[in-house]
Each structure stands twice: as structure tokens, then as C-alpha cells.
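Below you'll find the structure, written out as C-alpha cells, and then a few comments.
The values are calculated or read from the model by the stated rules, or taken from the named source; none is laboratory data. Please read these numbers as outputs of a predicted model, since none were measured by experiment. Positions of Cβ are generated from backbone atoms using ideal geometry, with glycine treated the same way; all protein chains shown enter the neighbour counts.
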Amino acid sequence: MALANSLPMEMHFQEYLVVITVLLSAYFLINAFYQLYFSPLAKVPGPWYAAISELWYISKLLRGQSMFAIHDLHQRYGPYVRVSPNDVMVADAEAVKKIHSPFDVFPKSEVYKKAGLIQRSIAIMVDHDKVKKRRKAIGNGFSNSNMRSLEPVIRGKVDLCVEKMKQDLEAKGSVDILPWLGFLATDTIGEIAFGKDFGILASGMGHSFGQDLLLATGVMFVRGHIPGGTYLESIISRIPHPTIQWIFGSGNRVFTYTNQALGDLRHEITEDEGLGSKPSVFSTILQNQDNPTAKYKMTMEEVRDEALGFILAGTDTVTITATYLIWAILRHKEVRQKLEAEFTALGDNITDEALQQLPYLTFVIKEALRLYAGAQIGLPRAVPLGGRQLGPYFLPEKTGVMTPIYSIHRDPKIFEEPLLFNPGRWSCATKDMEAAILAFGGASRICVGQNLAKMILRLLAAVLLKECPYVDLAESCTDESMQFAPRLFVATKGGKCELQNTKNR
């Protein structure tokens, strides 16, 4: 104010503009000088333009290029790379263990809190004490024993998905498995979370809920990663344009559908006291809502957010990994032959319990999760109070640290010939190899739904090869078409994964 009052009143607008420009330029230069030479992170290597502004990293995120760009930086600068004024990518094996240790917790960063929408979900929670309590409340729902009780539901979805793909193979000679596997993941998670699916496997058509969830996820992403994203959203969402209102109304539509589905499930459970009701990972939680002696309880809003969190975190990731799993099996003839031998030995006893005992199938799925995990970007964490020493660098508290899955899973110091799909490497896996796999997150925040995801992958591989022994990759399904595309979420470069019927060839 003092500076403004000291300026002559007769100054023209252009002169005010010059003054403002000079002040902003001075601020930018001083900040850049500080970030490059005096910041606590100044010694962490990385490109100078990333150190002075968040714009470089945000632009790579929004264009879906972050995993490739970060990998290139690690190749150039080493395991520690500064990607913004307050964020460091860490691809060092020992440091990754520290960041995801359950004993000295690096909490999820503020990115999750700013993202909003499902703040009560374990996928978004920042407070680790609340996370531990929530894991105890919902953990049994995803335990191996409970997954076995849900296996008939999951197996039914897998059988229907394979049958639909088989129909296309026999009628058209080919099938794009990508949309069908998306329908499989969405309907399966919907069934066990809400007590009912979306009917998209049966109809072969998408559901408005999936579109709304995708839009809501995009809004969450922008809100969480772009500085001032919340304020930007509050401004844009007020524009009275139907398309804009439709986009920003997606979160409310998702909540409306979820509230109705869970309300119906709760009514069904309480009416028959859980006997004969549709199985769900939340059945016990919903039964105990009115039980004063229940040890762990959740409100309907908390259940809703968890259900949405599972669908949001699980559908795309399972879809992508399942797609690449089938592609990799058919792409490598020796892998397919070994799996078929294991499945033949089982006969008709294709149960998940039996599949878990097959060593080579286990190796194949581990290798698919290493190379083709549905999430490939860094897992944002914050350095705890007091700061921490990671490798040669001391990082002050609240520094953002991210562990880039794409780079860690391809570290030649851990994985010999890291770009090669080689399930056999897991027959003599080292502790470092096991610790490096972050497909389901790190130890401190491991995904509670991993047992479900692995069950889907196991059953899918077994049922598809058994029911469609004549299937192979279509000519359109090449190594190039199956490369990762530069997208906000992991996607195939060709946008599809086509298989063909070789029965009559």
C-alpha cells in the first residue's frame, strides 16, 4: 500500500503496467535465485526449470507424459531428481523402503486432501492414525477368507466376460478385449461393493455411472495437482453453460447413485439379518451400524466414500493390468505353453484356491504387475516432522517425495534385463525384487483390494485359455500398438487389444 500511495496519481496505465511487470519479474528472479542456490533442496539434481516452478511437472502430468519424462530424468541425473520447488522423485531402492515403511510413516501428501470428493476414503486419507483404524474396520472384507466367499460372484463375472469375448471371436473372427475387461472390472467391483453390478457385461454397453466417475476423477486430479485448483474450480463451475455444469455435476451424480445402491443393500441386509442377502465386502459393516457392541463402525457416508474409492482405484488399474496380462501370455508362446500345462493338470478344478498353488501362474502375474501395473506415476508422500535423510540428501519436513513406479520397476540394479517379460525371474526372487514392486502401493499404505485384483487376474487367465484355446493375437495387436500411450491414465498406444480366432486358419 505504501508503494501504491507513493506513485504519482497522474501516472498513465502503461506506467503502472511497467511497474507491476518489473515487480513481478524481480520476484520471479529472486525466487529462482533462491530455489537454485539457497533452497534446502538446491543440491538435489534436476533440470533448473523444474526447480524454479511447478509448471514443468504439472504440464507433463496433464499431457500424460510424466512417467516417460521422469524416467528420462532418472536416466540422466540418477535416483534422486528434483521435479518442482518442493518435490523430489526418489528411485533409490533403500530410500523407497524408508518412504513406504509402516514404522516411520511418510504420510500421503496434501495432493490427496486437495483432491476432495471422497475425503472419508482410505485411498485419500492423509491422517495415518485414521487409516489404521479404517483398515481394521474394512480389512476383513478383503481378506483371503472373505474373498473365497465372494468367489462365486467373481467367477460368474469372469465366465460371463469370457463368454462375451468368445461370442465375438466366433461371430466376427476377432475381439477387442480392452472394453470387455473394463466391463469386467467395473461390474465385479460394483457387485461386491454395492451389492449389485451395472449390467454392462450383460448388455455390452457402458453405464452413465462410469462416465460420471471418469469426469469426477478428472476434476479431482486437476483440483489436487494444479496450484489454486480449488479456486479455479469454484470460478469455472459457476459458468452457466450446460456442458460445464454437466462436468462439474458429475460428483453429485456419482454420490446419488452410490447412496441409492448402498441404501438398498443395507435395507436388504437388515431385513433378513444378513441371511441370503447379496454378498458384499461391506456386509458386516452395514450389519453392525445399529449394533452398540460392534468394535468397528462406519457411517453410511464413510461406506459410500470407501465404495467409490474402490471403484475409482480399482477399475482402470485392473482393466489395464488384465489387458496386458492376456497380451503378454499370447505374445510369448513359451509362457502360454507353461501356463496351459499347469491348467491342464488342474482339469476342471479351476478354483482360485487351486490357482494360487500354481507357481508359474504366480510368476506370470507378478511379472505382469511389474511391467504393466495400472498406475505408473509416483506415489505422493510428505517428509514427516523433523525432516529425514534419504541417501545423500537431507529433506526438510513437508517436502513432497514421490516414488516413480515406472522407473523403479525397470531398475537394472534390481531386475536383470528389466524391459524383458520374464516370469522365470521370480523363481529366485531377491528381497530387493519383492520390495521394489509397488503395483499395490507401499507397505505403509498397501491396497486393501489386492486380493480381489489378483483373484480376477488368476481366474481370467485360466478361464480364457481353457475356453478359447484357439485364440491368438490379431495382426493389429503389435508391440508398437501395445506400448504405453502418453495419457493422463495408463492406456495402450493403439487404443485397443485385438485377439483373433485361429480355429479355421
What tally of residues in the stretch 53-84 results from selecting those that are at pLDDT 95 or above and assigned to a loop (DSSP other than H, G, I, E, B)?
2
Given the conditions (1) surrounded by fewer than 17 Cβ atoms within 10 Å (Cβ to Cβ); (2) of a type in the set (A, V, I, L, M, F, W, C); (3) in contact with a strand residue (DSSP E or B) (Cβ under 6 Å, 6 or more places away or on another chain), which single one is not true for MET300?
(3)
Restricting attention to the stretch 253-290, report how many residues are out of contact with any helix residue (DSSP H, G or I) (no Cβ under 8 Å at 6 or more places or on another chain) and modelled with pLDDT of 85 or more.
2
If the Cβ limit is 9 Å and pairs must be 6+ apart or interchain, which residue in the stretch 74-85 that is closer than 11 Å to PRO404 by Cα pairs with which residue that is polar (S, T, N, Q)?
HIS74/SER407; PRO79/SER407
Going through the stretch 424-445 one residue at a time, which ones are in contact with a helix residue (DSSP H, G or I) (Cβ under 9 Å, 6 or more places away or on another chain) and among the hydrophobic types (A, V, I, L, M, F, W, C)?
TRP426, ALA429, MET433, ALA435, ALA436, ILE437, LEU438, ALA439, PHE440, ALA443
Within the stretch 150-167, restricting to residues that are within 15 Å of ARG458 (Cα to Cα) and aliphatic (A, V, I, L, M), the one that is surrounded by the fewest Cβ atoms within 10 Å (Cβ to Cβ) is VAL153
Would you mind telling me which numbered condition in (1) over 16 Å from ARG304 (Cα atoms); (2) touching a residue at least 12 places away in the same chain (Cβ under 8 Å); (3) hydrophobic (A, V, I, L, M, F, W, C) ALA171 fails?
(2)
For the stretch 302-337, the count of residues that are in contact (Cβ under 8 Å) with a residue 60 or more places away in the chain and closer than 18 Å to PHE421 by Cβ equals 15
Whichever residue in the stretch 360-418 is basic (Lys, Arg) and buried (at least 18 other Cβ atoms within 10 Å of the Cβ) and, among such residues, is modelled with the lowest pLDDT:
ARG381
Which of the residues spanning the stretch 20-58 are among the hydroxyl-bearing types (Ser, Thr, Tyr) and out of contact with any helix residue (DSSP H, G or I) (no Cβ under 9 Å at 6 or more places or on another chain)?
THR21, SER25, TYR27, TYR34, TYR37
Residues that are within 20 Å of the chain's Cα centre (by Cα): list the helices (runs of 4 or more DSSP H) wholly contained in the stretch 322-386 that include at least 2 such residues.
359-372
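Anything in the stretch 437-481 that is assigned to a loop (DSSP other than H, G, I, E, B) and more than 21 Å from GLY314 (Cα to Cα)? List them, or say none. First the steps, then the outcome.
We begin by selecting, within the stretch 437-481, every residue assigned to a loop (DSSP other than H, G, I, E, B); these are 437-442, 446-449, 468-470, 474-481.
Matches in the stretch 437-481: CYS468, PRO469, TYR470, ALA474, GLU475, SER476, CYS477, THR478, ASP479, GLU480, SER481.
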In the stretch 177-216, what count of residues is obtained for those that are surrounded by fewer than 21 Cβ atoms within 10 Å (Cβ to Cβ) and polar (S, T, N, Q)?
3
Check the stretch 62-71 and report whether any residue there is out of contact with any Ser or Thr (no Cβ under 8 Å at 6 or more places or on another chain), outside the structural domain of ALA436 (by TED's automatic domain parsing), without any contact (Cβ under 8 Å) to a residue 12 or more places away in the chain and more than 26 Å from TYR372 (Cβ to Cβ).
no
When the residues of the stretch 217-262 are filtered to those that are within 15 Å of LYS114 (Cβ to Cβ) and polar (S, T, N, Q), which remaining residue is surrounded by the fewest Cβ atoms within 10 Å (Cβ to Cβ)?
SER234
